[in-house]
Amino acid sequence: MTTALTTALSALPFGVSQFTTWPLSFAQDVQLYMSLDIPFIEVCEAKLDPARADDQLRMLKDSGLSVSSVQPRLHSLFPDQPRPQPADPRDRIQLLRQSMELFGRHFPGVTLVTITGAAPAGNYAEAYRVAIREYSEAARIAADCGVRLAVEPLNPILMNIDTFICSLAHADRIVEAVGLKSFGMFVDVWHIWEDTAVPLLIQKYGNSIFGVHINDWRDPRAIGDRYLPGEGQIPLVPLLQAIRATGYSGAYTLEIFSDPQLPDSLWLNPEDTARRGRDAFAKVWESVCA
């Protein structure tokens, strides 16, 4: 790889979530992203060994990679499909506190990504009330730990499974009610792209956007079935232009879930997926900046 190309790649506002290369270990992810000159990493706490987490994060800090965001070990306010226990949001916030304290020690200012989980018994009014109360407490904890917290709205196909909010407007309802600088929203294009009002909503809520996940959409064949940028139906260029126009200057992080039972699963060759994802984003970003 030429020096000029290496410089160009390292200058991209591009990162990879460790979910994208799920079959690899924490250390293997770090080595791979470094070898591909990917400047940002989204840490998945589930890949850390609790007994060695501080040492692993010190290794990450020494690697030179920048941490764009963190997916906590438990990241939903209410129970979601993979993490149904504990059921009480107060208990879940205390577990989230441990993640905020850990990453606050090593990466001050980093954003931890959360989702709401499903509304208990389908009671959306109560879910909003509890979410505003508990996220207010969590945002205060985040500020004390020197980190930020973001809520991510999910695609409607995950309603009543992993979320009760499915739009930027729903997320902003909670963000506005909490009203603290340590609390904002995370935008994933896979979840919000079909809303025709999204460009205007991005403009409206731009100051609350703490991070961005990128990928692409075709009709899913499984819950985990995402595509690399430019290989699906999402109008990525205008969406990313709208985000960039807000003044957002953080990373655009590739987040891929890909059921390994699919014959062309992107998890079957994580090294190739990260490389192709980097190159696909570079092509999209060139059009965004044109």
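Observations on the model:
- Among the residues of the range 96-155, those that are surrounded by 16 or more Cβ atoms within 10 Å (Cβ to Cβ), under 20 Å from the mean Cα position of the chain (by Cα) and of a type in the set (D, E, K, R) comprise Arg97, Arg148, Glu152.
- Pairs meeting the criteria (first residue in the range 98-111 and farther than 21 Å from Val212 by Cβ and basic (Lys, Arg), second residue surrounded by fewer than 17 Cβ atoms within 10 Å (Cβ to Cβ) and modelled with pLDDT of 95 or more, beta carbons under 9 Å, at least 6 apart or on different chains) are Arg105/Asp54; Arg105/Gly146.
- Qualifying residues in the range 156-168 (those that are assigned to a loop (DSSP other than H, G, I, E, B) and out of contact with any Lys or Arg (no Cβ under 9 Å at 6 or more places or on another chain)) - the one most open to solvent (accessible area, probe 1.4 Å): Asn160
- Test: residue in the range 249-268 that is of a type in the set (D, E, K, R), modelled with pLDDT of 95 or more, outside any loop (DSSP other than H, G, I, E, B) and surrounded by 13 or more Cβ atoms within 10 Å (Cβ to Cβ): no
- Matching residues, the range 199-228, being over 13 Å from Val187 (Cα atoms) and open to solvent by less than 10 Å² (accessible area, probe 1.4 Å): Asp216, Asp225, Leu228
The values are calculated or read from the model by the stated rules, or taken from the named source; none is laboratory data. What you are looking at is a predicted structure, and each value in this text was computed from that prediction instead of being measured. Here Cβ is always computed from backbone atoms with ideal geometry, including for glycine, and neighbour counts include all displayed protein chains. The protein model used for the area step is the full one, side chains on, heavy atoms only, and it has no ligands, DNA or RNA in it. Shrake-Rupley method; radii C 1.70, N 1.55, O 1.52, S 1.80 Å.
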